[in-house]
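Novice: Take a look at the following structure, please.
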Amino acid sequence: MSEASTLTGRLLVAMPGIDDPRFEHAVILICAHGPDHAMGLRLDRPAPGVDLKTVLDKLDAPAPDQSIGRVVLMGGPVERERGFVLHTDDWMIGEDSLPFGDGLAMTGTREALTAMTDDVGGPRRSALLLGYAGWGEGQLEEELADNVWLTAEADMDLIFDGEHTSKWTRALAQLGVDAAMLSTQGGRA
């Protein structure tokens, strides 16, 4: 797969009528995309009853006041007990951080969790996600051909803001699409 054809760093926006209810109205940031796999993080579904303080307490890590009420997102249905810190690339931990897209990185370490609450030494923007969305060889390409997803440019505000219920509508609007005008029926020209 050529660098020009990769979806890494782009958004997937679910079309209405997606056959999998786990992805209804989903907005997914693709973190890795290659010929044999794709991996992304869903940006619009808060984990019910879980905030950053809850996660830090469970790990016996310091949980400063700014962790209270900070939303944790459900990144996808795969390995839901595994956490990923999605963050701006102004903060990195050597080989533990995976830079991708334009100014983004992902880190899965305890240090990344504590850095999320560090206003001075941590990343400018960050989010904790549990689990991820994954596709096997050719699976995502097939779904794109079947009009399951639209693709959009990543937008830092959309990625990191707390307006989770409107992310799908706003991602569509960035593409010039009115959600109310979309049909659940797909086709090919």
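The values are calculated or read from the model by the stated rules, or taken from the named source; none is laboratory data. The shown structure was predicted, so the numbers you read here are calculated from the model rather than taken from an experiment. Note: ideal-geometry Cβ built from the backbone for every residue, glycine included; neighbour counts use all protein chains shown. The protein model used for the area step is the full one, side chains on, heavy atoms only, and it has no ligands, DNA or RNA in it. Shrake-Rupley method; radii C 1.70, N 1.55, O 1.52, S 1.80 Å.
Novice: What about THR114, is it within 19 Å of VAL72 (Cβ to Cβ), polar (S, T, N, Q) and free of Cβ contacts under 8 Å to residues at least 24 places away in the same chain?
Specialist: no
Novice: Let me ask another. Starting from region 118-142, keep only residues that are on the phi > 0 side of the Ramachandran plot, then list their pairs with residues that are loosely packed, with under 13 Cβ neighbours inside 10 Å and part of a loop (DSSP other than H, G, I, E, B) whose Cβ atoms are within a distance under 9 Å, requiring at least 6 positions of separation or different chains.
Specialist: Note: pairs meeting the criteria are GLY138/PRO35; GLY138/ASP36.
Novice: Next question. Has region 105-115 got at least one residue that is more than 18 Å from the chain's Cα centre (by Cα) and of a type in the set (A, V, I, L, M, F, W, C)?
Specialist: Yes, that holds for at least one residue.
Novice: Here's a follow-up. What tally of residues in region 140-165 results from selecting those that are surrounded by 13 or more Cβ atoms within 10 Å (Cβ to Cβ) and part of a helix (DSSP H, G or I)?
Specialist: Residues flagged as surrounded by 13 or more Cβ atoms within 10 Å (Cβ to Cβ) and part of a helix (DSSP H, G or I) within region 140-165 amount to 9.
Novice: Something else now. What is the residue count in region 38-52 for residues that are more than 11 Å from the chain's Cα centre (by Cα) and more than 22 Å from GLY103 (Cα to Cα)?
Specialist: Here the count works out to 7.
Novice: Please verify whether region 126-134 includes one or more residues that are assigned to a loop (DSSP other than H, G, I, E, B) and open to solvent by 30 Å² or more (accessible area, probe 1.4 Å).
Specialist: So far as region 126-134 goes, no, none of its residues is assigned to a loop (DSSP other than H, G, I, E, B) and open to solvent by 30 Å² or more (accessible area, probe 1.4 Å).
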